[in-house]
Amino acid sequence: MARRTKIIATVGPACEDDATLRKMVRAGMDVARLSLAHGTLDEAAGRLEAVRRTAAEEGRVVGVLVDLPGPKIRAGSFGEQSVTLTEGSTVELRIGSQVSTASILEVDYEGLLTDVEVGDRLTIGDGRAVVEIVDAGPDHLSARVAHGGQLSGRPGLHIPADHLSLRAPTDNDLVALERFLELDVDMVALSFVRSADDLARLPVDPHPQGPLVVAKIETRAAIDDLPAIIEASGAVMVARGDLGSECSIEELPILQKEIIRQCITLGRPAITATQMLESMVKAPEPTRAEASDVANAVWDGSSVLMLSGETAIGDDPVNVVATMARIAERADDEFDHRAWLTELAQMRLADTGDPDTAITDAMTHASARALTELGIGTILCISGSGFTVRSMARFRPAARILGF
């Protein structure tokens, strides 16, 4: 059986040349992600052009996802070498964009001194280090390193979302969005969504006239408004890095499953992201836990799996994509389609009050059951908006789905 679960791979310095992109397409990259949190808009536009050029040469359709950074806060660069923050040491946080060191963290956020309070714990680099604010001066914050770790590049600095005065989309997001709408980008992801209103502020035409809008769930506020956010979006990303900083580590797997379940209920694709094969930034093989994480994300109902630093800055981006493709394909082969249909039959499907949606739910559910019972190999879905295709896909029939 061909792989059903799709793969998003982030394009960065390690894989922006045509030769590597071509190999990644062959290895199984279905969507190329351009993270605007790093580099310039011109660099991202150049990568978009390279992806489309190499995909066309390979005779493949590869989507392009532009990831708007939102109010993402980052430390100033640590330069070419990594720096270790030692547990118990003191570090100053200052507003600026100069080089960061083990004793001074430059932070590119003007609201740092007003939004952060004494007692706040800030996560750096998706959990690689944690600092606790112990004092606030007129031009800096003093912090104690609660959990030490090694940092490099320009790591993200997570401030509790309910403290941030900056909302998504930011002015910079809107400028970047305008640029990439002109380039007919396929998908746009909005970071640090807190409510459905954030998505409404994106000046895009509804899909398919405009790009598919992906809501990144990475704040506690987003969890509280989850059904409305899912309904307002075209797809949802479980952004486990920053979300893991907003909840306890033992709660994160539960939230991941709940987000995916609600996406299935409302007929939206779920993207599981962050550190899925993190060890492969350097290692030639994933850990056993990472392989299980990928497979379980498939069995939970993820439509898409995403690679970030593993391909953007990793030693062997092609091997990473090929490895994820193999794991996902094997997980797809072992997927229990009958049990899945039974489980979904017990769920409350989309209840929007829209008769057309109710009819689509009923038709696709009945069709998926018939496909499974009769062993039919292919189904054709004719859809103007794509909703019928997505509604059918959530039932995970063993048959191929061809959308028109």
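No value in this document is a laboratory result; all are computed from the given coordinates. Remember, it's a predicted structure, so these values are computed and weren't measured experimentally. Methodologically, a virtual Cβ is constructed for each residue, glycine included, from the backbone with ideal geometry; neighbour enumeration extends over all protein chains shown.
Roughly how big is the stretch 83-163's charge dipole about its Cα centre, with Cβ charges of +1 (Lys, Arg) and -1 (Asp, Glu), in debye to the nearest 20?
On the way: 5 positive and 13 negative charges, 68 e Å.
It works out to roughly 320 debye.
First select every other residue whose beta carbon is under 10 angstrom from the beta carbon of THR287; then total the charges, Lys and Arg +1, Asp and Glu -1. Display every interim value, and only then the final one.
Working: positive: ARG288; negative: GLU278, GLU285, GLU290, ASP293.
Result for the local shell: -3.
Would you grab the residues whose amide H sits under 5 Å from the one on LEU151? Only those 5+ places off in sequence or on another chain, please, with H modelled 1.01 Å from N.
VAL83, THR84, LEU85
From the backbone phi of the stretch 395-402, what are the Karplus-calculated ³J(HN,Hα) couplings (6.51 cos²θ - 1.76 cosθ + 1.60, θ = phi - 60°) in whole Hz, Gly and Pro given as x?
Those phi angles translate into 7, 6, x, 5, 6, 6, 10, 10 Hz.
What translational diffusion coefficient, to the nearest whole µm²/s, does the chain have by Stokes-Einstein, given a Kirkwood radius computed over alpha-carbon pairs, a temperature of 4 °C and 1.567 mPa s viscosity? Walk me through the numbers before you get to the answer.
Details: Rh = 22.0 Å.
The diffusion coefficient I find is 59 µm²/s.
If you add up the charges near ARG3, with Lys and Arg at +1 and Asp and Glu at -1, over every other residue whose beta carbon is less than 15 angstrom from its beta carbon, what do you get? List each step's numbers first, then the result.
Working: positive: ARG4, LYS6, ARG26, ARG60, ARG326, ARG330, ARG396, ARG400; negative: ASP30, GLU329, ASP332, ASP333, GLU334.
Overall, the nearby charge balance is +3.
Could you work out Rg/(2.2 N^0.38 Å) for the stretch 289-392, with Rg from alpha carbons only?
Numbers: Rg = 17.0 Å, N = 104, 2.2 N^0.38 = 12.8 Å.
The stretch 289-392 yields a ratio of 1.33.
Give the long-range amide H neighbours of VAL64: residues separated by 5 or more places, or on another chain, with amide H under 5 Å away, using H modelled in the peptide plane at 1.01 Å from N.
Under 5 Å from the amide H of VAL64 lie the amide H atoms of ALA32, ASP186, MET187, each far enough along the sequence or on another chain.
With unit charges on the beta carbons (Lys and Arg positive, Asp and Glu negative) and the dipole taken about the Cα centre of the stretch 83-163, which residue among PRO155, VAL134, LEU112 sits farthest to the positive side?
The residue sitting farthest along the positive end of the dipole is PRO155.
Hey, can you grab everything whose amide H is under 5 Å from the amide H of ASP120? Only 5+ residues off in sequence or another chain; H modelled, so Pro and N-termini drop out.
ILE133
Rank these for me by crowding, ILE313, ILE249, going from fewest to most other beta carbons within 10 Å.
Values: ILE313 17, ILE249 9.
Listed from fewest to most nearby Cβ atoms, that is ILE249, ILE313.
Taking the highest mean first, how do the peptides 178-187, 370-379 order by number of other beta carbon atoms within 10 angstrom per residue? Please report the intermediate quantities before stating the final value.
Values: 178-187: 15.5, 370-379: 13.2.
Put in order of decreasing packing, that is 178-187, 370-379.
Counting only DSSP beta bridges with both residues in the chain, what percent are antiparallel, rounded to the nearest 5?
Values: 21 of 59 bridges.
Counting DSSP beta bridges with both partners in the chain, the antiparallel share is about 35 percent.
Place the peptides 382-390, 100-108, 264-272 in order of packing, highest mean first, counting for every residue the other Cβ atoms within 10 Å and averaging per peptide. Each step should come with its number before you reach the end.
Values: 382-390: 15.3, 100-108: 18.7, 264-272: 23.8.
For the peptides 382-390, 100-108, 264-272, the packing ranking is 264-272, 100-108, 382-390.
With respect to the cross-link table entries LYS6/LYS282; LYS216/LYS282; LYS216/LYS257, which display a Cα-Cα separation exceeding 19 Å? Please list the in-between numbers first.
Details: LYS6/LYS282 23 Å; LYS216/LYS282 27 Å; LYS216/LYS257 15 Å.
Beyond 19 Å between Cα atoms: LYS6/LYS282; LYS216/LYS282.
In which sequence would THR342, THR274, THR84 go, from the one with the fewest C-beta neighbours within 10 Å to the one with the most? Numbers along the way, then the final one.
Numbers: THR342 11, THR274 20, THR84 14.
In order of increasing Cβ crowding within 10 Å: THR342, THR84, THR274.
So what J values fall out for the stretch 80-92 if you push phi through Karplus, 6.51 cos²θ - 1.76 cosθ + 1.60 with θ = phi - 60°, rounded to Hz, Gly and Pro as x?
3J(HN,Hα) across the stretch 80-92, in whole Hz: 7, 10, 6, 10, 9, 8, 8, 4, x, 6, 10, 9, 9.
With θ set to phi - 60° and the Karplus curve 6.51 cos²θ - 1.76 cosθ + 1.60, what are the ³J(HN,Hα) couplings of the stretch 31-38 in order, to the nearest whole Hz, using x for Gly and Pro?
Here the 3J(HN,Hα) series is 9, 9, 9, 10, 8, 7, 6, 10 Hz.
Given Cα positions, please report Rg to Rh for the stretch 337-403, the hydrodynamic radius being the Kirkwood one. Don't skip to the answer; put the middle values down first.
Details: Rg = 11.5 Å, Rh = 12.1 Å.
Rg/Rh: 0.95.
About its Cα centre, what dipole magnitude does the chain give when the only charges are +1 on Lys and Arg Cβ and -1 on Asp and Glu Cβ, stated in debye to the nearest 20?
On the way: 39 positive and 61 negative charges, 268 e Å.
Magnitude of the dipole: close to 1280 debye.
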